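One structure is given here, and the rest of the page talks about it.
Just so you know, all these numbers are worked out from the coordinates, no wet-lab data involved. A quick note: this is a predicted structure, and the numbers were derived from the prediction, not measured. Note that each Cβ is placed from the backbone with ideal geometry, even for glycine, and that neighbours are counted across all protein chains shown.
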């Protein structure tokens, strides 16, 4: 059965946009995990978040070529997430009306996050570095906290990230992580599922830490507490047992990236 048959009423460009986007997301997590593991081994450098990983990739001419390809893939992922949020080409809402709008909001927020990454990649490719000296999470939290209700907004965002972390843990311990994937004929199916479980648990831990830091920024009214992904990984590195914790989390992020890449061959889009 070819991918078009499995995609049902999805147009071919929608199908390949989804495939390219999910693979690009996997590459981002693979890079984040790899650079974090390298930082853990060297112990003399700070681990990178998603934006830092893109910056590291763009340091060489070959890396910039790969970064350009990755930026195109991430742009495809943004487009796919926005399609899911506004058009719902897989008709997910028809089958689960109770969580319909929550799912659309999640896809919209994911699209916004990866839009920022695409922008960062473009800045790096044009040799502009980062558009600001401060990390992105510090820039937005500083600006939002200046508004009268900014503290509440930052707290709500942090809580939302924490709830997302819980949802990732749920996906790790259930079959939800592979409900749109047919692994029945996949070789090493147990290994693919193990990569997914470990990857989702690690992603849950990472975003749980980020959510706690964002809530702390709102509670203390100080944007410097709002550690992003790189800050959360760096905080683990500073602990007495940080070498093992960071190494485990970095390996888990790489596992998630590999899971996202490998499973695309077996993805079943809705209307199949």
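Key figures for this structure:
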{"read-out": "Residue exposure sequence - 32, 254 - by fewest surrounding Cβ within 10 Å", "value": "254, 32"}
{"read-out": "Per-residue Cβ neighbour rank within 10 angstrom, fewest leading, 171, 143", "value": "143, 171"}
{"read-out": "Difference of contour (0.36 nm per residue) and Cα-Cα distance, residue 243 to residue 169", "value": "24.3 nm"}
{"read-out": "Relative contact order of the range 3-266, pairs being alpha-carbon contacts under 8 Å that are 6 or more residues apart, as %", "value": "28 percent"}
{"read-out": "Linear extension gain, residue 69 paired with residue 189, 0.36 nm per residue minus alpha-carbon span", "value": "40.3 nm"}
{"read-out": "Rounded to 10°, Cα long-axis angle of helix 100-125 versus longest principal axis of the chain", "value": "60 degrees"}
{"read-out": "Label-point separation, residue 62 to residue 180 (7 Å along Cα→Cβ), nm", "value": "3.4 nm"}
{"read-out": "Radius, Kirkwood style, for the range 114-272 when every pair of distinct Cα atoms is counted (Å)", "value": "17.5 Å"}
{"read-out": "Helix 61-86 vs. the chain, principal-axis angle (Cα, 0 to 90°, nearest 10)", "value": "70 degrees"}
{"read-out": "Inter-site label distance for residue 86 and residue 45 at 7 Å from Cα along Cβ, in nm", "value": "3.9 nm"}
{"read-out": "Contour excess over end-to-end distance, with Cα ends at residue 143 and residue 105 and 0.36 nm allotted per residue", "value": "11.4 nm"}
{"read-out": "Principal axes of the range 3-266: Cα extent on each, largest first, Å", "value": "51, 43, 39"}
{"read-out": "Sites residue 219 and residue 12, calculated FRET efficiency, Cβ-Cβ separation with R0 51 Å, nearest 0.05", "value": "0.55"}
{"read-out": "Span per principal axis, largest first, for the Cα atoms of the range 136-178 (Å)", "value": "43, 19, 10"}
